Every structure is written in C-alpha cells, then in structure tokens.
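Contents: one structure, followed by commentary.
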Amino acid sequence: MASIPTHAFFAVGLTRALKSDASVGLLARSAALACLADLDVVGLLYKVPYDAPWGHRGATHSCLAAAVLALAGGKAYPLLLLAALTHPFLDMLTDGGRGVAFLWPYSAERYFLPWRPIPVSPIGANFFSERGLHVLSMELLMIWAPTALLLWLSIRRKG
Ligand SMILES: [Zn+2]
C-alpha cells in the first residue's frame, strides 16, 4: 500500500482540483473513502491469508467496494467514487505486495499496473522505521508534490 496520509492527500487534491468549490465536508469524505480500503489489515491480526478474498488488497480494494463505499458518502457520488478508486490505483503502482483484487468478485486475480514506481509502505507500527521514512520521502516526491502542484493550479485557475 501507499501510506494512509498519501492516500488521503491525493484524494483531497484530486477532488479539490475537479470541484473548485468543494466543501470541507466533501474533502473529508474523499479522504476517508480513499483510506477505508486498508481496513482489511485488521484481517492480518486474525490470520486471514493475504491471498484470500478478504485478505489485504482483496475485496476491499475492488471497484465494487469503491462503488458501495461511495454510496455511503452521500452527495457528489462521482467525485466520491473517484476518491475511493484512487486507493486501489495507487496500490497498483507500488512495487510490493501481491497486487490488488480490483475486479473482485468477478475475478480474484491480483493486479498491478505495468509501471510500479512507488515503494510499498510498511504496515502498522513498522511504518515508523527507516524504510517508512524512505517510503514517505518517495511518496512526497512522486505523489504529494504533483498533487500540490495540481491543487495550486486549480486554486490559481479559480482566482
Ligand atoms: Zn491498500
């Protein structure tokens, strides 16, 4: 996975860029929807196998889950769906793990995108490590900086 703060920031940036008058509530819902897929890490505590449908990067990372979660977000469904979908797409850009079950339940196959430049983030407390710092620095460069530029351009365009 990309780190949770990165998932949230990217979704907020994208939502704000697409809807210049997005409310704080909409941005908060976008951030939340972009992070919820990783609740599946709770399964690791209960020994759910990584490759199982409900394992990490399984059903919760599917386009179906994004569609259902976005329904719970209330108004602005297309933006919230996009925010929820950013999660599996960022994960499919990472260089580790076993891929994303994007098409679940149609297919249990795990997918990556052809280009995987983002180093995979350590899970849980392991994030606070030298490897976590490396991941965060790479995410700042590859995701936060372009997202901040997108935000700046969208704010400038409006003004
Ligand atoms: Zn994830």
Based on other C-beta atoms within 10 Å, arrange W144, W152 from fewest to most. W152, W144
Counting sequence-distant residues (5 or more places) and residues on other chains, those with an amide H built under 5 Å from that of V100 are Y111, F112
Treating the angle as unsigned and between 0 and 90°, give the value, to the nearest 10°, between the Cα long axis of helix 77-92 and the longest Cα principal axis of the chain. 50
Which residue, H56, H87, H134, has the most motion in a Gaussian network model of the chain that connects Cα atoms within less than 10 Å? H134
If you bin the C-alpha pair distances of region 1-102 every 5 Å from 0, what whole percents do you get? 2, 15, 25, 24, 17, 10, 5, 2, 0
I'd like the orientation of helix 24-35 relative to the chain: the angle between its Cα long axis and the longest Cα principal axis, in ° from 0 to 90, rounded to 10. 20
For the chain, find the longest principal axis of its Cα atoms and tell me its angle to the long axis of helix 130-139, 0 to 90°, nearest 10. 40
Name the residue from H134, L44, A70 whose Cα lies farthest towards the positive end of the charge dipole of region 33-159, charges +1 on Cβ of Lys and Arg and -1 on Cβ of Asp and Glu. A70
Using Cα springs under 10 Å in a Gaussian network model of the chain, which residue among L103, L81, L141 shows the largest mean-square fluctuation? L141
Fewest-first sequence of E130, E139 by Cβ atoms within 10 Å of each Cβ: E130, E139
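Quick one: S154, S62, S107, fewest Cβ neighbours within 10 Å first, how do they rank?
Ordered by Cβ neighbours within 10 Å, fewest first: S107, S154, S62.
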Suppose the chain between V68 and L133 were pulled fully straight at 0.36 nm per residue; how much longer would it get relative to their current alpha carbon spacing? 20.1 nm
Given charges at beta-carbon only (K, R positive; D, E negative), |dipole| of region 14-159 in Debye: 500
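Read-outs throughout are calculated quantities, based only on the coordinates presented, and are distinct from any laboratory measurement. Just so we're clear, the structure is a prediction, and the values are computed from it rather than from any experiment. Because the Cβ atoms are built from the backbone with ideal geometry, glycine has one as well, and the counts that use them run over all protein chains shown.
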